[in-house]
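What follows is a single structure, written as structure tokens, with notes after it.
FYI, it's all coordinate maths here, none of it is from the lab. Model, not experiment: these values are computed from the prediction. Cβ placement follows ideal geometry from the backbone for every residue including glycine, while neighbour counts extend to all protein chains displayed.
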Amino acid sequence: MAQLEMSFENIEQQQATSRFGMWVFLATEMLFFGALLLGYCIYRIEYPNAFAAGSEHLNLKLGTINTAILLSSSLTVALGLRAIQLGRTRSLVYFLAATILLGSVFLGVKGTEYFLEYKDGFVPGASFVYSSPSPGIDPHHVEMFFLFYFILTSVHALHMAIGLGVFSVLLVRSCRHRYSAQDHEAIECAGLYWHFVDIVWIFLYPLLYLMGR
Amino acid sequence: MSTLAPAPEAEKRHGPNRNYLNAGYTVRSWLLSTDHKRVAILYLVAVTLFFFVGGAAAVLFRIHLLTPGGLLVQPETYNKLFTAHGLVMVFFFLIPSIPAVLGNFLVPLMIGAKDMAFPRLNLASWYIFMAGGTLMIFATVFGGVDTGWTFYTPYSSMFSNSNVMLAALGVFVAGFSSILTGLNFVVTIHKMRAPGLTWFRLPLFIWAIYATGIIMLLGTPVLTMALALVGIERILRIGIFDPALGGDPLLFQHLFWFYSHPAVYIMVLPSMGVVTEIVACFCRKRIFGYGFIAVSSLAIASVGFLVWGHHMFVSGQSMYGGMVFSFLSFLVAIPSAIKVFNWTATLHRGSVSLRTPMLYALGFIGLFTMGGCTGLMLAAMGVDIHVTGTYFVVAHFHYIMVGGAVMGYLGGIHFWWPKMTGRLYSERWSVLSAILIFIGFNLTFFPQFVLGYLGMPRRYYAYPEQFQVLNVLSSAGASILGGGYLLPFSYLLWSLKYGPRAGRNPWPATGLEWKTQSPPETENFVVTPVVDEEAYAYHLLKESELGTA
């Protein structure tokens with residue numbers, strides 16, 4: 001049974017509070033990404049050709065595979081939650097492990113993409129190399145595209161890494177049978193967070209990879 | 001108001017024997033305490049410190065401005081002084097002052113809860129705040145920052161050779177503390193209310209803190225990201241905001257003011273909540289227009305998010321955008337005025353007693369009204385263009401932030417001091433300081449309205465000779481104001497040891513916090529209170545209690 005913290009009257013109140021807290025936290029998170037996405041969209045509108053030219057150099061294949069992987073990881077989280085709601089601790093362990101695996105593969109693929117972009121000289125800064133195919137495209141604006149690309153995806157990846165850390169703790173605890181059909185708030189809250197990170201990617205993928213192709 | 005045991009006889013004879021203050025005396029028991037009341041005291045100590053640091057910078061540049069050519073410092077140092085004053089006062093005093101000190105202390109007590117929803121997070125937010133504050137003190141005292149508190153680009157990101165990164169990092173870090181505090185308030189108020197304490201029975205201070213929490217949650221992340229982008233541009237020298245590199249400086253201003261205008265409401269909404277509590281108590285009346293005051297807090301919080309463009313009338317934003325922002329800025333005056341009218345209506349035929357908290361509350365109502373009305377002048381684009389970047393603007397926002405927020409904060413501290421410490425302070429000294437602060441404040445800032453209207457620009461280290469009289473008046477006022485602020489610091493500390501013991505309810509006031517012992521015990525309530533009536537039921541207090549305030 002879950003431990004009742006001193007500040008609460010009963011366990012139901014405590015669980016409802018942590019769930020509500022996570023929703024409120026996600027509202028804040030939305031504004032974090034919102035500010036960045038606003039900046040990106042404004043420059044995308046201001047420099048459509050340069051941003052489209054930059055976007056062409058992203059690895060669409062890896063990005064698409066990653067999208068599929070991340071969506072699947074959201075599915076495994078949802079299945080894990082369903083399993084523990086039905087009291088199936090063993091299934092929860094499997095689904096959490098699958099989530100961590102999928103999330104790690106996503107980060108691995110993302111890392112590979114970063115490496116390829118680094119090799120091609122697309123990392124903004126001193127090492128940025130871009131020879132413009134047409135005079136209408138300013139390399140500075142392409143660099144700006146890549147800057148936003150790296151900021152957005154790395155902030156997203158940071159959220160993924162935090163999520164993976166949380167799921168690792170949950171995995172260990174669920175191996176020790178900490179969760180039950182009555183007590184699984186932690187799984188639900190972590191799941192909410194993970195779905196949010198997933199939804200952010202659903203915005204990032206078309207904005208960065210698909211638009212202008 | 002609620003089913004609570006009366007004060008035990010033993011407590012009356014021997015004083016409270018067990019409370020949150022004597023629960024532990026070690027440093028560890030304070031620094032690792034998750035008790036919301038102890039966290040509030042930690043914040044109180046911290047913001048007092050930051051207040052005097054920010055105040056010291058103001059003292060220095062007010063001395064400097066005594067003569068037209070400047071008296072004290074080099075122009076570069078002058079820039080660093082007003083930047084330090086702005087940064088420290090805004091981010092490390094005004095924003096955390098009422099929410100993190102009074103809010104932390106009172107929210108659980110007022111709603112009949114044992115603690116905040118997330119007590120560990122609450123303590124963590126203090127540590128994050130202190131980390132940010134340390135960075136900021138380091139940045140402003142050692143080397144200094146010269147961008148002004150607004151960090152306008154591209155000066156901040158490409159040109160300034162001062163500690164911009166460190167200062168921005170300080171604000172960045174403190175932002176997370178603000179977000180976590182806001183989250184804790186919103187969740188606590190939603191989920192932790194005592195049985196029977198419905199939304200429309202809540203004290204209006206709680207409504208104000210709730211609205212404040214929402215602004216903290218939704219505004220702060222945007223500032224945080226804007227400053228992160230400034231940092232990235234400064235390090236990588238790749239255009240984000242610098243027009244020479246294809247960036248857009250207006251984008252920075254939009255992101256900055258999207259937070260920093262609502263931040264004004266983070267400062268003043270809690271003050272309005274405090275004033276509401278005080279006015280009802282010292283008029284011995286139920287508050288006039290409870291529902292209007294409650295909903296106007298939410299209206300200010302939501303409309304307040306849509307007015308940021310009035311800081312940018314001359315920046316080159318679209319004229320039509322400016323017109324919309326101007327209209328919306330006029331609109332936000334309506335809920336603010338609703339509050340002022342309701343306080344005034346509460347005063348009408350109330351048995352008003354001019355105790356210290358009430359003096360601050362009345363001061364707030366007058367000064368906030370002046371700040372608000374000059375705000376309307378600034379919301380009109382034609383007038384704004386005339387006085388943009390002048391002392392008129394400086395005077396206007398000080399009437400809101402100091403005349404409003406700080407008066408409310410001090411009123412609140414004086415109102416709840418007996419509850420927080422269990423001691424009464426000297427009424428004579430506190431009345432004197434309230435009067436000194438009111439006089440000093442007006443003498444400091446009223447001349448600045450005139451100066452600004454005559455065309456004296458802000459942030460200049462020197463000025464033409466014809467402005468000297470008004471500047472000297474302002475500096476003289478500042479010295480009175482400074483003295484007025486030092487007084488409470490002294491007599492409140494004095495009261496900790498020598499003040500007479502306060503009972504449970506010295507004023508006496510309604511509200512759950514006054515049903516606990518003073519100072520409250522660690523768990524706040526022995527038995528969870530059950531609320532069966534509205535807030536401010538002063539009309540139901542017994543005859544004997546009515547005249548004693």
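Could you please rank A:55, B:336, B:29, placing first whichever residue has the fewest other Cβ atoms within 10 Å of its Cβ?
B:29, A:55, B:336
Tell me which lysines have Cα within less than 21 Å of residue A:110's Cα, excluding those fewer than 8 residues away on the same chain?
The reachable lysines, counting only those whose Cα sits under 21 Å from residue A:110, are A:61, A:119.
If R₀ is 22 angstrom, what is the calculated FRET efficiency for the pair residue A:182 and residue B:124, using the beta carbon separation as r and rounding to 0.05?
Working from the Cβ atoms, E equals 0.15.
What's the ranking of B:72-81, B:292-301 by average number of surrounding C-beta atoms within 10 Å, highest first?
Taking the mean over residues of other Cβ atoms within 10 Å, the ranking is B:292-301, B:72-81.
Restricting to DSSP H runs of at least four residues, report the calculated mean residue ellipticity at 222 nm for chain B, -39500 (n - 2.57) per run over all residues, nearest 500 deg cm²/dmol.
On the way: 18 runs with 341 residues, N = 549.
That comes out to -21000 deg cm²/dmol.
At 7 Å along the Cα-to-beta-carbon direction for both residue B:541 and residue B:131, put a label point, then send me their distance in nm to one decimal.
For residue B:541 paired with residue B:131, the spin-label model returns 4.5 nm.
So how do B:390, B:147 line up by other beta-carbon neighbours within 10 Å, fewest first?
Going from sparsest to densest Cβ surroundings: B:390, B:147.
Give me the aspartates and glutamates in straight-line cross-link reach of residue B:497: C-alpha distance below 17 Å, same-chain residues under 8 apart excluded.
Within reach: B:427.
Determine which lysines satisfy two conditions relative to residue B:285: a Cα distance under 24 Å, and not lying fewer than 8 residues away in the same chain.
Of all the lysines, those that pass the test against residue B:285 - Cα under 24 Å, at least 8 places apart if same chain - are B:339, B:419, B:515, B:542.
Report, in whole Å, the centroid distance computed from the Cα atoms of region B:474-498 and region A:82-130.
57
For peptide A:144-151, how many partner chain Cβ atoms fall within 10 Å of a residue's Cβ, on average?
Rounded to a whole number, the mean comes out at 3.
Would you mind getting me the FRET efficiency between residue A:91 and residue B:23? Use the beta-carbon distance for r and R0 = 51 Å, nearest 0.05.
The pair residue A:91/residue B:23 has a calculated efficiency of 0.65.
Report Rg (one decimal) and Dmax (nearest whole number) for the protein assembly as shown, counting Cα atoms only, units Å.
27.5, 90
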